[in-house]
Amino acid sequence: MHSVVSCSRNKADMYRLDVYHSLHCLNAIREMLKPTLYNISNEEDPLLKVNPAIEKLFSDSMWMRIHSEHCMDRIRQTIMCQGDLAPSPIYSWSEFPIPIGRTGAHTCRKWEPIREWVNQRALNGKSLTAS
């Protein structure tokens, strides 16, 4: 059994914004569903060239299954925790026998200030840490 250990730098635990982890998971699932569509090749990933252990892990089908299950659960948690109560209008078409919900109006966070804050911290050499 493997143990889980917090990552740290200078004796401070490291963090990342949950939104970035969720976006990573959504992208990973997208790539897993259609690798040929997105021209995915592990041979071109610079991270794999640096670390052979990561290359071995990424080629393991069990790891891919575990990672995809983790990502599906991560996205489920995000959706449930956000609990978006925006009404989603339901439409039907004569050519399609099942009613379908369409996206309605949402109130969202302004994405640019979040990115700017994270990018500024990175430029200043500051990670998300707690000492």
Pair list, Cβ < 9 Å and 6+ apart or interchain, from the range 88-109 residues that are farther than 20 Å from Val19 by Cα and free of Cβ contacts under 8 Å to residues at least 12 places away in the same chain to residues that are surrounded by 10 or more Cβ atoms within 10 Å (Cβ to Cβ) and of a type in the set (Gly, Ala, Ser) = Tyr91/Gly101; Ile98/Ser92; Pro99/Ser92; Ile100/Ser92
For the subset of the range 67-91 comprising residues that are open to solvent by less than 90 Å² (accessible area, probe 1.4 Å) and in contact with a strand residue (DSSP E or B) (Cβ under 9 Å, 6 or more places away or on another chain), which member is farthest from Arg30 (Cα to Cα)?
-> Pro89
With respect to Pro87, is the statement that it is touching a Phe, Trp or Tyr at 6+ places or on another chain (Cβ under 7 Å) and not in a helix (DSSP H, G or I) true?
-> no
Mind checking which residues of the range 25-62 are open to solvent by less than 90 Å² (accessible area, probe 1.4 Å) and modelled with pLDDT of 85 or more?
-> Cys25, Asn27, Ala28, Ile29, Arg30
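So, of the residues in the range 108-131 that are in a loop (DSSP other than H, G, I, E, B) and at pLDDT below 80, which turns out to be surrounded by the most Cβ atoms within 10 Å (Cβ to Cβ)? Spell out the reasoning first.
Applying the first criterion (in a loop (DSSP other than H, G, I, E, B)) to the range 108-131 yields 108-110, 124-127, 131.
Next, from what is left, pick out any that are at pLDDT below 80: 124-127, 131.
Numbers: Asn124: 8, Gly125: 6, Lys126: 9, Ser127: 15, Ser131: 7.
Per the criteria, the residue is Ser127.
The values are calculated or read from the model by the stated rules, or taken from the named source; none is laboratory data. On a predicted model such as this, the values are computed, not experimentally measured, just so you know. Positions of Cβ are generated from backbone atoms using ideal geometry, with glycine treated the same way; all protein chains shown enter the neighbour counts. Just the protein is used for accessible areas: all its heavy atoms, side chains included, with ligands, DNA and RNA removed. Shrake-Rupley method; radii C 1.70, N 1.55, O 1.52, S 1.80 Å.
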